[in-house]
Amino acid sequence: MSRRPYVRPMSRTTWYMRNGRFKVYMLRELTSLLVGFYAFLVLFGLVALSAGSEAQWNDFLASQQGPEMIALHGFALLYFLFYQTFAWFNLAPKAMPVQLGEKKLPAHFIVIAHYVAWAVVSAFIFWLAGAI
Amino acid sequence: MTIARKALVWGLFAAGGTLTSFVFPSLIALFLLIASGNTPVGLEYGQIHAFAASWMGKASLFGVIFLALWHAAHRLRVAAHDLGLRVDGLVASVLYLVAALGSALAVYYLVLI
């Protein structure tokens, strides 16, 4: 081994900007912030709910209204759909290939199954919330 | 890290990723409905309180919060490294502690309901 191996100069903080695939990777990684944010938002809802008074819950609902919240949730919904939900479904055949004897289940079966299951789960949640 | 611990950390990350991918679009859409003043009837006090008071409601709310927080903590840990913050021990401790604290608070408030 050489005494002074060549180390390609590379920024530790902006390395992903050099390549389109790495940029998409970082855009996907950012959805973890949304996951954390909405988990805590649900937790804040639970805090309001645990007070046991309708007024407190209505205050929480009122605090979540307004054009800035519409903009936030609208942006978050689109960002999350494309960079987490659809990305996760489309990667599923690579993460969890299904072996059938000698062959593998075709990737698009697994992807389509995810979208179908997602539609069912979403419909169930909207039904549970009384939105449909 | 031992293989057993790695399996646990990764398994919870994968479970959280799958759960949030399926459930969070609807969850965000519900917040969008609330934000626009169209709160669905199921989220009015009586109904949502009854849901959170039931064992099924408690279990699903805890499952969503716990797995989402764990998933976010694990991915933010990797993102911190990718963004040049290379103090994994400290970053991991802080993030997993926040996730554990949030999960414990979820249990506490769910028990109160």
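Throughout, read-outs are computed from the coordinates displayed, never taken from laboratory work. Note that the structure is a prediction, hence the values are computed from the model and not measured. Cβ sites come from the backbone with ideal geometry, for glycine too, and all protein chains shown count toward neighbours.
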Name the GluC sites (Glu not before Pro) in the range A:16-110 that are in a loop by DSSP and that have at most 10 other C-beta atoms within 10 Å, would you? A:Glu102
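Over chain B, what is the mean sequence separation of C-alpha contacts under 8 Å (at least six apart), divided by residue count, expressed as relative contact order in percent?
Working: 72 pairs, mean separation 33.9, N = 113.
Contact order relative to length: 30 percent.
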If you average the C-alpha positions of the range A:1-56 and of the range B:4-32 separately, how far apart do those two centres end up, in angstrom? 14
Taking only Cα atoms and a 10 Å spring cutoff, compute GNM fluctuations for chain B and point out the largest among B:Leu19, B:Leu95, B:Leu85. B:Leu85
Electrostatic dipole magnitude of the range B:3-112 [Cβ: Lys, Arg +1; Asp, Glu -1; Cα centre; debye, to 20]: 320
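Work through the residues other than B:Ala52 whose Cβ is under 15 Å from its Cβ and net out their charges, Lys, Arg +1 and Asp, Glu -1. Intermediate values should be presented prior to the final figure.
Values: positive: B:Lys58; negative: A:Glu54, B:Glu44.
Cβ neighbours under 15 Å give a net charge of -1.
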Considering the zone a paramagnetic label at A:Phe44 would reach in this model (a point 7 Å from Cα along the Cα-to-Cβ line), which residues of the range A:65-99 have amide N under 20 Å from it? A:65-80
Can you compute 3J(HN,Hα) from phi for each residue in the range B:98-110, using the Karplus curve 6.51 cos²θ - 1.76 cosθ + 1.60 with θ = phi - 60°, rounded to whole Hz and x for Gly and Pro? 4, 4, 5, 5, x, 5, 5, 5, 4, 4, 4, 6, 5
Putting +1 on Lys and Arg Cβ atoms and -1 on Asp and Glu Cβ atoms, find which of A:Phe82, B:Ser54, A:Ala129 reaches farthest to the positive end of the dipole of the protein assembly as shown. A:Phe82
Whole-Hz ³J(HN,Hα) for each residue in the range A:81-97, computed from phi via Karplus 6.51 cos²θ - 1.76 cosθ + 1.60 with θ = phi - 60°, x for glycine and proline: what do you get? 4, 7, 9, 10, 4, 5, 5, 5, 4, 5, 8, 3, x, 7, 6, 10, x
Counting Lys and Arg as +1 and Asp and Glu as -1 over every other residue whose Cβ sits under 14 Å from the Cβ of B:Ala99, the net charge comes to +2
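From the P(r) of the range A:1-122, can you give the percent of Cα pairs sitting at distances over 21 Å?
Result for the distance tail: 64 percent.
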Would you kindly state how much longer the chain becomes between A:Lys23 and A:Ser53 on full extension, computed as 0.36 nm times their sequence separation minus their alpha carbon distance, in nm to one decimal? 6.1 nm
Residue-by-residue Karplus 3J(HN,Hα) for the range A:102-112, coefficients 6.51, -1.76, 1.60, Hz, glycine and proline x: 7, 9, 10, 4, x, 4, 5, 4, 5, 5, 4
If a paramagnetic tag sat 7 Å from the Cα of B:Ala15 along the Cα-Cβ line, which residues of the range A:1-45 would have the backbone N under 18 Å from that point? A:36, A:39
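How big is the shadow of the Cα convex hull of chain B, averaged over all directions, in nm²? List each step's numbers first, then the result.
Details: hull surface 34.9 nm².
Over every viewing direction, the Cα hull of chain B projects on average to 8.7 nm².
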